[in-house]
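Everything on this sheet refers to the single structure shown next.
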Amino acid sequence: MQIQHVFVAGSGLMGSGIAYAIITGPKLPVTLYDVSDEVLNASKQKTEALLDKMVGKGVMSKEEAFEALGRLSFSTELSAAAKADLVIEAIPEKLALKQDFFRQIDEFCAPDTIFASNTSSLPITSLAAVTRRADRFIGMHFFSPVHLMKLLELIRGLETSESTFTTVKTFGESLGKQVIVANDFPGFITTRIGMVLLNEAMFALMEGVGSAEDIDTGMKLGFNHPMGPLALADAVGLDVCLNAMNTMFEGFGDQRYRPCPLLKRLVQAGHLGKKTGRGFYTYNK
């Protein structure tokens, strides 16, 4: 199967980034879906700004940017997915919300349409189970910012077929991504390992082992990480970190995945990191 049209659900940071990667990489038409024209217009403006930035850097010409934008359409109707060969979901990281989305959109799509979730930790098999196409369901975990990050983590559900995997792997590589493959365990590869590191850094801060700055500097200079774990948690979003830790803690029942109490307190206070202007550090919004 060859992917010729993609429907991306969710026009936030990840959904918009995924759409941008598709219209500028393999240069395929994309329908970007969200619940209101207001949020879709905001996404369009950000996409236009990014295209202008790429033109300014000489990455593409004005004509190429214009053509790329012409490949992007917007809709508030799930029925717009009827012509898609691939549906990529990038809505908030809540199992019930994602299941409800897939349950609804399953009614509008052709039987051979492939479904993919951009989840970073939720079980692919549980998402696939609410559809009539568990064999054509897969996880596609992109990383932010999508147009810069080269990694794409594919997650096989219990019933994901080999043809689905091969089709999506080929598509992912057409986006210029390096593909890694994980089986459907909580947190997969990257979230399971990465979030434990971030969570342990939070415990070290809470217990007074060191300041946020020293913890981050230690990991950057001592382990050659491009960003310290606490700054990275702020960039990811502390609510996203907490959801991932809760998923792994519930999935494995192992104390090493217990979310740090400091993380819980910050999320309860609404301090979610860069997106709210305050997390482990303070930012100018």
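Details
- Counted charge near Lys220, where neighbours are those whose Cβ lies closer than 15 Å (Asp, Glu -1; Lys, Arg +1): -4
- Rounded to whole numbers, the Karplus 3J(HN,Hα) couplings from phi for the stretch 25-32 are x, x, 6, 9, x, 10, 9, 9 Hz, using 6.51 cos²θ - 1.76 cosθ + 1.60 with θ = phi - 60°, and x at Gly and Pro.
- Taking Cβ atoms as reference points and 11 Å as the exclusive limit, the residues near Phe188 contribute a net charge of 0, counting Lys and Arg as +1 and Asp and Glu as -1.
- Backbone HN-Hα couplings from phi across the stretch 63-78 [Karplus 6.51/-1.76/1.60, Hz, Gly and Pro as x]: 5, 5, 5, 4, 5, 4, 5, x, 7, 9, 10, 10, 8, 9, 10, 5
- Label corresponding to log10 I(q)/I(0) by the Debye sum over Cα atoms at q = 0.09 Å⁻¹ when calculated from the structure given, among (1) -0.66; (2) -0.44; (3) -0.40: (2)
- Of Lys177/Lys274; Lys27/Lys62; Lys53/Lys150; Lys53/Lys177; Lys44/Lys169; Lys57/Lys177, those spanning more than 24 Å from alpha-carbon to alpha-carbon: Lys177/Lys274; Lys44/Lys169
- Rounded to the nearest 10 degrees, the inclination of helix 212-223 to the longest alpha-carbon principal axis of the chain is 70 degrees.
- Short-range pairs are left out: with C-alpha atoms under 8 Å and at least six residues apart, the relative contact order of the chain is 14 percent.
- Projected label distance in nm at Gln4 and Met206, using a 7 Å step from Cα toward the beta-carbon: 5.3
- Positive-end ranking of Gln2, Ser43, Pro226 along the dipole of the chain, with charges on Cβ about the Cα centre, is headed by Pro226.
- Entry note, the chain: the mean residue ellipticity at 222 nm calculated from DSSP H runs of n ≥ 4, each adding -39500 (n - 2.57), is -14000 deg cm²/dmol after division by the residues and rounding to the nearest 500.
- Sequence of Phe74, Phe223, Phe142 once ranked by neighbouring C-beta atoms within 10 Å, starting from the fewest: Phe223, Phe74, Phe142
Coordinate-derived values only; no laboratory data. Please read these numbers as outputs of a predicted model, since none were measured by experiment. In this analysis, Cβ positions are derived from the backbone assuming ideal geometry, glycine residues included, and neighbour counts consider all displayed protein chains.
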